[in-house]
Every structure is written in C-alpha cells, then in structure tokens.
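S.K.: So that we are looking at the same thing, I have put the structure below in structure tokens.
The values are calculated or read from the model by the stated rules, or taken from the named source; none is laboratory data. Every value quoted in this text rests on a predicted model; they were computed, and no experiment measured them. Backbone-built Cβ (ideal geometry, glycine too); neighbour counts: all protein chains shown. Please note that ligands, DNA and RNA were not included when accessible areas were found on the heavy atoms of the full protein model with its side chains. Shrake-Rupley method; radii C 1.70, N 1.55, O 1.52, S 1.80 Å.
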Amino acid sequence: MMSTDSFESLVQPGRVHRRLYTDPAIFELEMERIFGNAWIYVGHESQIKNIGDYVRTFIGRKPIVLVRDSDGQVRVIHNQCAHRGSLVVADDKGTTQEFQCCYHGWTYHLDGRLKAVPLQNGYPRDFDPKNPKTAMVQAGRVKSYRGFVFASEATDGPSLEDFLGFMATSLDDMIDRAPDGEIEVAGGMFKHAYEGNWKLYLENLCDAAHPWFTHRSSIDAAQQQSDEVHSDGSGEIAIRQMRQNGAPYSFWESQVGIWTYPNGHSYLGDYHDDAKLVAALKDPVFRDYIAAMEKRKGKTETRRVLEVRRWNNNIYPNLSFMSQFQQLRVVHPVAVDRTVVHTYNFRLKGAPERMFRNTISFANTVNGTGSLVLTDDLEIYNRIGMGLSSEGAEWIEIGRGLQSDIADAHGGRRGTNSTSEVYIRNMFDAWLRYMANGPAKLRAAS
C-alpha cells in the first residue's frame, strides 16, 4: 500500500514527478479516486429539454447517459446493459420513450429500471426484473447548478455547492449575461483528441506565459493583416484574438491576474478591454444587447454583469469555460497518454442573434479543430506526451510565482501576476487530497 507520504513524494513544492503524466497505474488510480469521487460535469439541462431527451457522455472513462425521465427529472445512468454488459445507448443524443439493448433486446425505462426481457420464462425462477441489480445503474449523486448538471459516483461527500465554492460565481457570470436569464447549448460540438495526459489541458488554459511562443505564427499573421480588409465579422474576431495573444509580458503581468480556489478550481483574468470584445461597445449589435439587458435587469445590474472580466474558468477536474464568449470545454480522459475534449457553444436567450453568430465565429477561431489557435496547443500537448516518455528530467517544474503568491478571499490564493503557475500547484493540491484516500500499489519516486 502507498501512504499519503508516498503520494506527496511525487508532488513537491514547485515541481512534480513526470510519472504523474506517464504512469498507467497512476492514471487508473485517478479514474478511481478523482473521477470516481469528485463532482464531474456531465451536461446542461438545455440539452435534455423534454421528456425522453438524452445525451451520451462519460464520467472519466465510464460511459453514461444524461436523460430527462418520464417524470421530468434529470437522471444520470450508467450506459451498460445488466444482461451481458453491452453498451445500450450508441447515439450521441436523441429522444426516446425507452432504452433497448441491441444485443438481446433487454428494454429499460428512462430512469434505468428494467422494463421488459425477451424469453423471460427461460431465466432461473429467482430472476426478478424489479431487482435493482437488473437496472442500468444510476450515478451516486446528481445535482444541477442553474442548469449545469454534475454527477458524482460517491454516494456521500461535499455538496455540489461546497465543491464549487466561489467558482459558482463564474457559472453565474455565464448565465447572468443572458437578458432573459437563460442560456442554452446550441450550434453543434467540436471534438478533438491529443496524445497526452488529461491534466495537460487544464494546465494550459490558464497559462498566460505560453501564447507569445506557442501562437507566434498566428500572432505574426494577424499583426501583418491590414485593418482596411473587412469580412462578415469573423475575420475581425480572429484578428482581435490573435493580436491580443501577442501582448507583451508587461501587459500580462500587470492587467490580467490569476485566482485559485479550493478543490482545484481557478480562473484567469480577462485580457480583453471593451475595444477588443467579440462585439465591442461601439458595435450597434452590442448596443442592442445592452439595451435588452437594461430593459430586463436595469442599468445597475447590467453594469455589474458586464464589469466581470474572467477569461478561462477551470472547474477541476474536467470543465473549462469562457463566460464572455459562451464557450465550454469538457475533458474526457481515455488513457494515460490519450485525451478527448468536447467543446460546446451557448446561446444567450434574449440577446441579438448576431451575438450568437459571433460566438460561433469565435469558436471556429479559437476552439475549432481546424483553427490557427487550437492546433498550436494540440501540437504542444503531443510534444509533451512524447517528451515525457524520454529519459530526460525526472521532475517537471511548476514553480513560477511560488515565492510571490499570496492568500486571497474565499479560501483562495492568487498570483501577484497572471504568469504565476499557482493554478497548477492548486490543482495538484486537490490531486493529493483525492489520491491520498485509499490503498494504492505504487512505489514512491526517488
């Protein structure tokens, strides 16, 4: 068995052992102790508006189904037939009155209870279709926060509200930007994969030090682009974003900021001023949006909402989103060196339709599988995956800002500037707490 001290030998002040990204045994424990205990984001209620609507997704590597049952309740059930173990639901999404396994026809109610069994008279006398063991098993706990649905395999533990803590205000920020007070998933989904560890994704999203180098080619192209060239708006959105990635370190360190909170959560301050927003204040569409906001919420509340400036928000261990741009990304670990990410867009109800078109344009620029930004990041993840498999350094440095980080409100900690790696250290603090629970069969790193 591995002691808490042994796990701590892998995570030291300002550095972590490379095994945390390469060891299959550690990955298996992460699936059990992190993804098997934490609150995991599984979908949004707008994806299952009506009875029978469902979405196929995952908790870690476990296939699950998010569904609205016949009573209108939101359910999360394991996607496994209790007969021979087959995947029951194969479509990514749909609407149905029941779930039926295509192997031997076992049929289930929307809440997972067994409904019908062909050839039932052939089973043993004590076979009972009402026995919970014949059901598609439900997740231990399911809870929605203002439409964002989370599930936990643990039947007890911290509530979702306690787990989210102050980071719930970032979800509030996403929703509060809708004049009608509601948002919905719309516009399709991007899927992409990389040959690297799942932890790399969240580590990169709040990294204010990498754009200058990683995204150099798109920065140079955007800076060389003439401002006299106009498009349908998509090109202008791309140029704003790519040019802003090229801001000097003096800007990043003085005007952005990085904040972290308990349970591994964090957010990077937004580096877009009003002149660089997807729809700037001088844009007539954005003026219409403000008018709609003020009509519904009043000028004071509208001003409060628009003054919130947060860029990437990470809810550990599998969710990252941008409130201002209505983008949401979900991390799905597949193997120690394989990760899949799903990206969604949200529509602000009550906002001008053009704003949603801008959201889609921004998604294509930053999160699209053919974008000039995401492809840079994927190349880095793949390079890290390859580099860590070499006989190079045993320890990976995460110490930037370690000596200057300071305590902050709501039990948090922040960097004195946005290039601090405090958010990575904060995630590993959470990693240690999860991984220290229970036995393990690993040797400590020397």
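S.K.: Place a point 7 Å from Cα of Thr96 in the direction of its Cβ. Which residues in the stretch 33-59 have their backbone N less than 11 Å from it?
M.R.: Correct set: 53-56.
S.K.: Sequence gap at least 6, Cα distance under 8 Å: using those rules, report the relative contact order of the stretch 1-143 to the nearest whole percent. Intermediate values should be presented prior to the final figure.
M.R.: Numbers: 214 pairs, mean separation 22.4, N = 143.
It comes to 16 percent, rounded to a whole number.
S.K.: Order Asp283, Asp173 by their accessible area, 1.4 angstrom probe, all chains in place, largest first. Kindly include the intermediate steps, with their values, before the conclusion.
M.R.: Working: Asp283 50, Asp173 10 Å².
Highest to lowest solvent-accessible surface, that is Asp283, Asp173.
S.K.: Accessible area per residue, 1.4 Å probe, Å², for the chain: what's the number?
M.R.: Result: 45 Å² of accessible area for each residue.
S.K.: If you don't mind, another one. Just read off the accessible area of Cys102 with the full protein assembly in place, 1.4 Å probe, to the nearest 10 Å².
M.R.: Here the accessible area works out near 120 Å².
S.K.: In nm, to one decimal, how far is the modelled label at Ser70 from the one at Ile51, with both set 7 Å along Cα→Cβ?
M.R.: In this crude label model, Ser70 to Ile51 measures out at 0.8 nm.
S.K.: Sorted by accessible area (1.4 Å probe), largest first, how do Asp429, Asp270 line up? Before the final figure, lay out the partial values.
M.R.: Numbers: Asp429 75, Asp270 15 Å².
So, going from the largest accessible area down, we get Asp429, Asp270.
S.K.: Hey, in the GNM for the chain with a 10 angstrom Cα cutoff, which one of Asp377, Asp69, Asp92 fluctuates hardest?
M.R.: With Cα springs under 10 Å in the chain, the top fluctuation among Asp377, Asp69, Asp92 is at Asp92.
S.K.: Let me cross-check Phe163: its accessible surface, 1.4 Å probe, with only protein heavy atoms counted, in Å² to the nearest 10?
M.R.: Counting only protein heavy atoms, the figure is 10 Å².
S.K.: If you don't mind, another one. Starting at the first residue of the stretch 28-44, write each ³J(HN,Hα) from the Karplus equation 6.51 cos²θ - 1.76 cosθ + 1.60 with θ = phi - 60°, in whole Hz, x for Gly and Pro.
M.R.: So the J values, rounded to whole Hz, are 4, 5, 4, 5, 7, 9, 9, 6, x, 10, 5, 6, 10, 5, 10, x, 10.
S.K.: May I pose another question? What does the charge add up to near Asp92, with Lys and Arg as +1, Asp and Glu as -1, over the other residues with Cβ less than 14 Å from its Cβ?
M.R.: Details: positive: Arg56, Lys93, Lys191; negative: Asp53, Asp91.
Summing Lys and Arg as +1 and Asp and Glu as -1 gives +1.
S.K.: Would you grab the residues whose amide H sits under 5 Å from the one on Asn312? Only those 5+ places off in sequence or on another chain, please, with H modelled 1.01 Å from N.
M.R.: Leu268
S.K.: Sticking with this one: Largest first, what is the accessible-area ranking of Trp106, Trp395 with a 1.4 Å probe?
M.R.: Details: Trp106 10, Trp395 45 Å².
Ranked list, largest accessible area first: Trp395, Trp106.
S.K.: Using a 10 angstrom cutoff on alpha carbons, build the Gaussian network for the chain and name the most mobile of Thr155, Thr339, Thr302.
M.R.: Thr155
S.K.: With Cβ to Cβ distances under 13 Å as the rule, what net charge do the other residues near Asn204 carry (K, R +1; D, E -1)?
M.R.: On the way: positive: Lys199, Arg329, Arg383; negative: Glu203, Asp207, Asp376, Asp377, Glu379, Glu421.
Here the count lands on -3.
S.K.: If you don't mind, there's one more thing I want to ask. Shape verdict for the chain, please, from the Cα gyration tensor: rounded (a/c under 1.5), prolate (a/b greater than b/c) or oblate.
M.R.: Oblate, since a/c reaches 1.5 and b/c is not below a/b.
S.K.: What are the residues whose amide H is under 5 Å from the amide H of Arg400, where those residues sit 5 or more places off or on another chain and H is modelled from the backbone?
M.R.: Correct list: Glu421.
S.K.: For the stretch 54-69, just list the computed ³J(HN,Hα) in residue order, Karplus coefficients 6.51, -1.76 and 1.60, θ = phi - 60°, integers in Hz, with x standing in for Gly and Pro.
M.R.: 8, 9, 8, 8, 9, 10, x, 9, 7, x, 9, 10, 9, 9, 9, 7
S.K.: Carbon-plus-sulfur fraction of the accessible area of the chain, 1.4 Å probe, in percent? Don't jump to the answer; show the numbers that get you there.
M.R.: Working: 9930 of 19870 Å².
Taking all protein chains in place, the chain shows 50 percent carbon and sulfur surface.
S.K.: Under a 10 Å cutoff between Cα atoms, tell me which one of His265, His83, His332 has the largest fluctuation in the Gaussian network model of the chain.
M.R.: Between His265, His83, His332, it is His83 that shows the largest mean-square fluctuation.
S.K.: If you stretched the chain out fully between Ser254 and Val334, how much longer would it get, using 0.36 nm times the residue separation minus the C-alpha to C-alpha distance?
M.R.: Working: separation 80, 0.36 × 80 = 28.80 nm, distance 3.80 nm.
Answer, rounded to one decimal: 25.0 nm.
S.K.: Then there is this: Probe 1.4 Å, all protein chains in place: accessible area of Glu161 in Å², nearest 10?
M.R.: We get 80 Å² for Glu161.
S.K.: Write out the trypsin sites (Lys or Arg not before Pro) in the stretch 65-123 meeting two conditions: DSSP loop, and at most 10 other Cβ atoms within 10 Å of their Cβ. The partial results should precede the final answer.
M.R.: On the way: sites: Arg68, Arg75, Arg84, Lys93, Arg113, Lys115; in loops: Arg84, Arg113.
Taking the stretch 65-123 and a limit of 10 other Cβ atoms within 10 Å, the loop trypsin sites (Lys or Arg not before Pro) found are Arg84.
S.K.: What are the residues whose amide H is under 5 Å from the amide H of Gln138, where those residues sit 5 or more places off or on another chain and H is modelled from the backbone?
M.R.: His78
S.K.: Hey, another quick one. Relative contact order of the chain: what whole-number percent is it, with Cα pairs under 8 angstrom and at least 6 residues apart? Each step should come with its number before you reach the end.
M.R.: Numbers: 855 pairs, mean separation 103.0, N = 446.
Once normalised by length, the contact order is 23 percent.
S.K.: Per-residue HN-Hα couplings for the stretch 142-153, Karplus 6.51 cos²θ - 1.76 cosθ + 1.60 at θ = phi - 60°, whole Hz, x for Gly and Pro?
M.R.: After applying 6.51 cos²θ - 1.76 cosθ + 1.60, I find 9, 8, 10, 10, 6, x, 8, 9, 10, 9, 10, 6 Hz.
S.K.: By the gyration tensor of its Cα atoms, with a ≥ b ≥ c the square roots of the eigenvalues, what is the shape of the stretch 330-434: rounded for a/c under 1.5, prolate for a/b over b/c, or oblate? It would help to have the intermediate numbers written out before the result.
M.R.: Details: a/c = 2.20, a/b = 1.32, b/c = 1.67.
Oblate, because a/c is 1.5 or more while a/b does not exceed b/c.
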